[in-house]
1. Please identify the pairs in which a residue from the stretch 1-24 that is in contact (Cβ under 8 Å) with a residue 12 or more places away in the chain and of a type in the set (Phe, Trp, Tyr) has its Cβ atom under 7 Å from the Cβ atom of a residue that is near ligand 1 (Cβ under 10 Å from one of its atoms) and open to solvent by less than 60 Å² (accessible area, probe 1.4 Å), counting only partners at least 6 apart or on another chain.
2. Give the number of residues within the stretch 34-77 that are over 19 Å from Leu18 (Cα atoms) and either part of a helix (DSSP H, G or I) or open to solvent by 30 Å² or more (accessible area, probe 1.4 Å) (or both).
3. Within the group Ala17, Ala60, Ala11, which residue is away from ligand 1 (no atom under 14 Å from the Cβ), out of contact with any Cys (no Cβ under 7 Å at 6 or more places or on another chain) and at pLDDT 95 or above?
4. Out of (1) within 11 Å of ligand 1 (Cβ to nearest atom); (2) modelled with pLDDT under 95, the odd one out for Gly50 is which?
5. Within the set of pairs 6+ apart or on separate chains, which have a first residue in the stretch 47-58 that is farther than 16 Å from Ile6 by Cβ, a second that is basic (Lys, Arg) and open to solvent by 70 Å² or more (accessible area, probe 1.4 Å), and C-beta atoms under 8 Å apart?
6. For the stretch 15-33: of the residues being β-branched (Val, Ile, Thr) and surrounded by 15 or more Cβ atoms within 10 Å (Cβ to Cβ), which is nearest to the chain's Cα centre (by Cα)?
7. May I ask you to list the residues in the stretch 1-14 that are aliphatic (A, V, I, L, M), open to solvent by less than 60 Å² (accessible area, probe 1.4 Å) and outside any loop (DSSP other than H, G, I, E, B)?
8. For the stretch 97-135, which positions are in contact with a Ser or Thr (Cβ under 7 Å, 6 or more places away or on another chain) and in a loop (DSSP other than H, G, I, E, B)?
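The values are calculated or read from the model by the stated rules, or taken from the named source; none is laboratory data. Model, not experiment: these values are computed from the prediction. Neighbour counts run over all protein chains shown; Cβ positions are idealised from the backbone, glycine included. When the accessible area is computed, the model is the full protein with side chains, heavy atoms only, and any ligands, DNA or RNA have been set aside. Shrake-Rupley method; radii C 1.70, N 1.55, O 1.52, S 1.80 Å.
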Amino acid sequence: MASDCIFCRIAAGEVDALVVAEDDRTMAFLDSSPISEGHTLVIPKAHYKGIVDIPEEEAAGVMTMAKRLAMLYENRLGIGEFNVMQSSGKAAGQTVFHFHMHIVPRRTDDGLSLWLHKNERLRTDIREVYRKIVG
Ligand code: 5GP
Ligand code: ZN
């Protein structure tokens, strides 16, 4: 555990959080600055910075928990639409460097604009990128 990591401290029970679900490897709690009703963070209890260093089975555990919460929130909050988001790295907007997935319940016309938009400035050749990726 990283003692200077706020999410490690939440996982260890040293810092309070409104925990909505937990199993042996993962924990889900309400975001303290929610952007929508029910905005939740799902974390592995162990410390990993982001998508590159989290082991596959831990990442799978986080996604499984996210899926369970979606069903729970449809039941309890009556909200069955979501953005499920994850930021890895400063450039991507990550501010807490302990892997976490955001579950953001959405309602029609809630005014949020969270997903991908056209990037008119980007000049990239997708075939060139494809060659770099697949070799
Ligand atoms: P990021 O920007 O790294 O993807 O998201 C970090 C999230 O953690 C933010 O939405 C922020 O509101 C939330 N957060 C930061 N500190 C705490 C805390 O101490 N408790 C809880 N419940 N959420 C936190
Ligand atoms: Zn941590």
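1. Correct list of pairs: Phe7/Ile43; Phe7/Val96; Phe7/His98; Phe7/His100.
2. If we filter the stretch 34-77 for residues that are over 19 Å from Leu18 (Cα atoms), which is where we start, we get 47-61, 63-64.
Okay, now just the ones that are also either part of a helix (DSSP H, G or I) or open to solvent by 30 Å² or more (accessible area, probe 1.4 Å) (or both), so 47-49, 51-53, 55-61, 63-64.
Final tally of qualifying residues: 15.
3. Exactly one of Ala17, Ala60, Ala11 is away from ligand 1 (no atom under 14 Å from the Cβ), out of contact with any Cys (no Cβ under 7 Å at 6 or more places or on another chain) and at pLDDT 95 or above, namely Ala60.
4. Just one mismatch for Gly50, condition (2).
5. Glu58/Arg25
6. Out of the qualifying residues, it is Thr26.
7. Ile10, Ala11 - these are the residues of the stretch 1-14 that are aliphatic (A, V, I, L, M), open to solvent by less than 60 Å² (accessible area, probe 1.4 Å) and outside any loop (DSSP other than H, G, I, E, B).
8. Arg106, Asp110, Leu112
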